[in-house]
Amino acid sequence: QCLDSVLSQQGATVEVVVIDGGSTDGGIDILHEYGSRIAYWESGKDDGIYDAWNKGLRSVKGEWVCFLGADDFLAADDCCARAISNLQRLPASTLIAYGKAKLISATDEELQILGLPWHQAKRRLPSLMSLPNPAVLYRYTAFECFGPFDKSFRIAGDHEMLIRILKHGEAHFMPDVIFSVMRVGGVSSNPENSLRALAECHMARKKNGYRLPGFY
C-alpha cells in the first residue's frame, strides 16, 4: 500500500528509495516485483530507523524528501502535485514544508487529523513533536547544511532534526494538503514507547540548547 500510493502519484515526478532492515517476511520478494519502478533499494542490518533514513539520503536525487514508514501511505494520488504547487513558491531559505496527516486505527477507522498551523506548532516544537513527520517535506539542502539524523535516537530523531533545522528558520504549512496516512502501532505512536519518547524529546531539547520545556 505504501509503495502503490507513491507510485500512483499523478502530476508529479517521484523517486522511491527503500531501505529494508533485512526482513525475512517476504518483503524482499515484494520489492523485486516492482523492478525498476523503485529507483534504489537495499536490504541489510541497520542501527535503527534514523540510520536507515541516513542510508536512504545517500541515494536521493530529488529536491524534496519525505520519509514514510512501511505502514504509512500517501493520502491521495494528487497530494504530491498539490504539495508541489506550494513548494514552487517557496524561497530557497525555506527548508521544511508540511501538510496534514490522517491517523487511522488498525481497522482503517479515522482517529484524528494531525497538523497545526506553523505559529502554533512552532511554540510547541522545542518540547514535543508538533509536526506530523509522514507529512513533512525536507528540502534536501537541509541535510547538507545541518547534517544527517542522529542515529543515537531510537524514536525522536526526526523531532531532534526538526528542532536543529528550525532553530534557524521558518516552516511552511500547507493547510489544504492532507498528505499522508499513518496507522496507530508504529514506533512513535505505540503507547509502550511513551516514556522513551518523552526522554528522547528531553534529549533533543537539551542537545539544541533548550534547558527546560518552553517556547520560541
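The values are calculated or read from the model by the stated rules, or taken from the named source; none is laboratory data. Please read all numbers here as calculations on a predicted model, not as lab measurements. Cβ coordinates were reconstructed from backbone atoms using ideal geometry, including for glycine residues, and neighbour counts include every protein chain displayed. With ligands, DNA and RNA removed, areas are computed over all heavy atoms of the protein, side chains included. Shrake-Rupley method; radii C 1.70, N 1.55, O 1.52, S 1.80 Å.
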The residue that is surrounded by the most Cβ atoms within 10 Å (Cβ to Cβ), considering only those in region 170-193 that are at pLDDT 95 or above and of a type in the set (Gly, Ala, Ser), is Ser180
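Would you say Ile96 is of a type outside the set (D, E, K, R) and more than 25 Å from Phe149 (Cα to Cα)?
Values: of a type outside the set (D, E, K, R): yes; more than 25 Å from Phe149 (Cα to Cα): no.
Judged against the criteria, Ile96 is not a match.
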Can you find even one residue in region 15-35 that is under 14 Å from the mean Cα position of the chain (by Cα) and closer than 22 Å to Leu114 by Cβ?
no
* To do: Would you confirm whether any residue within region 73-82 is more than 17 Å from Met174 (Cα to Cα), of a type in the set (A, V, I, L, M, F, W, C) and surrounded by 13 or more Cβ atoms within 10 Å (Cβ to Cβ)?
  => yes
Inside region 1-14, the number of residues satisfying the requirement of being in a loop (DSSP other than H, G, I, E, B) and open to solvent by 70 Å² or more (accessible area, probe 1.4 Å) is 4
Taking first residues from region 160-187 that are more than 23 Å from Cys2 (Cα to Cα) and touching a residue at least 24 places away in the same chain (Cβ under 8 Å) and second residues anywhere that are open to solvent by 50 Å² or more (accessible area, probe 1.4 Å) and part of a helix (DSSP H, G or I), the pairs with Cβ under 6 Å that are 6 or more apart or on different chains are Arg164/Phe146; Ile165/Phe146
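With Leu103, Leu90 as the choices, which residue is assigned to a loop (DSSP other than H, G, I, E, B), open to solvent by less than 50 Å² (accessible area, probe 1.4 Å) and on the phi < 0 side of the Ramachandran plot? Full working, then the answer.
Working: Leu103 fails: assigned to a loop (DSSP other than H, G, I, E, B).
Answer to the check: Leu90.
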If we keep only residues of region 100-129 that are at pLDDT 95 or above and in contact with a helix residue (DSSP H, G or I) (Cβ under 8 Å, 6 or more places away or on another chain), then the residue nearest to Leu195 (Cα to Cα) is Leu114
Original post:
Going by the conditions given, is Ala52 among the aliphatic types (A, V, I, L, M), in a helix (DSSP H, G or I) and surrounded by 14 or more Cβ atoms within 10 Å (Cβ to Cβ)?
Top reply: yes
